[in-house]
Each structure stands twice: as C-alpha cells, then as structure tokens.
Amino acid sequence: MSTILTVVHIAVCFFLVTIVLLQHGKGADAGAAFGGGGSSQSLFGSEGPVPLMNKITTVVAVVFMLTSITLAYMSATSSTGSVMSSVDSAAIEETAVPVTEQVVPMPTAEITEEAASQEAPKAQE
C-alpha cells in the first residue's frame with residue numbers, strides 16, 4: 001500500500017510542478033493590452049485557460065497534501081522503535097580506543113638584540 005501511495009505521490013509532485021510552470025504570471029496580461037494574443041485565447045473564452053488551470057492546480061495540490069499526510073501517518077504508525085535499538089552498546093565500548101594525554105610544548109620566543117633594536121623605534125613612533 002505504501003509503495004503505491006509513494007508512486008502516486010511522486011507522480012503528483014511532477015504533475016504539480018509542471019502545471020505550475022505552465023501557468024503565466026499576472027504581468028503576462030500586459031502584453032494583451034498592446035495587441036498581443038488576441039485570437040489564441042478564443043479557444044478557452046475571453047479569460048483564456050486561467051480558470052481551468054486554476055481548478056486543475058487546486059485539485060492536484062489537494063491530492064498532493066492528502067498523499068503527504070497519509071504517508072506521514074503511515075510512517076509514524078508503522079515505526080517499531082529507534083534505528084539505534086539494534087546496535088549493541090557493549091560492542092561499541094569494547095572497540096573504543098583509550099585516549100592518552102599528549103603534551104605539546106609551547107614554542108619559545110627567541111628575540112635577538114638586532115630584532116629588539118628594530119622593534120623599539122617602531123614602538124616609539
């Protein structure tokens with residue numbers, strides 16, 4: 001059942017993306033004011049295919065939401081526990097490597113007399 005629902009959900013996703021990309025934006029009607037697109041919209045009436053596309057988009061969006069909620073519910077009710085419940089914690093502790101403390105010596109600053117005399121005038125300026 002979940003496999004069929006997943007396939008339907010993926011198909012609805014692709015169809016929803018396609019139908020949204022086929023719709024034109026609100027600014028696309030400005031071209032019609034200057035004489036563009038007169039006879040091509042007579043097939044669907046004076047408003048064009050907008051009402052039909054809106055209805056199809058609404059139906060597909062509702063189907064998408066229903067399949068999403070159903071898949072989420074099925075996933076939540078079918079879970080039997082955590083993915084970590086099958087891991088043996090004793091095996092993890094046995095394979096752990098003991099940590100040894102390492103001492104890292106700090107570098108020492110060796111200032112020669114030449115370097116000290118060159119830095120002194122810079123500090124005075």
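The values are calculated or read from the model by the stated rules, or taken from the named source; none is laboratory data. As the structure is a computational prediction, the values presented were derived from the model and not from experiment. A quick note on method: Cβ atoms are made from the backbone with ideal geometry, for glycine too, and the neighbour counts reach across all protein chains shown.
One table, with the values for the structure above:
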| item | result |
| --- | --- |
| Any chance Thr18 is modelled with pLDDT of 85 or more and either surrounded by 12 or more Cβ atoms within 10 Å (Cβ to Cβ) or over 30 Å from Ser2 (Cα atoms) (or both) | no |
| Pick from the stretch 37-58, criterion assigned to a helix (DSSP H, G or I) and among the aliphatic types (A, V, I, L, M), ranking: modelled with the highest pLDDT | Ile56 |
| Subset tally (residues that are closer than 30 Å to Ile4 by Cβ and modelled with pLDDT under 70) for the stretch 59-113 | 0 |
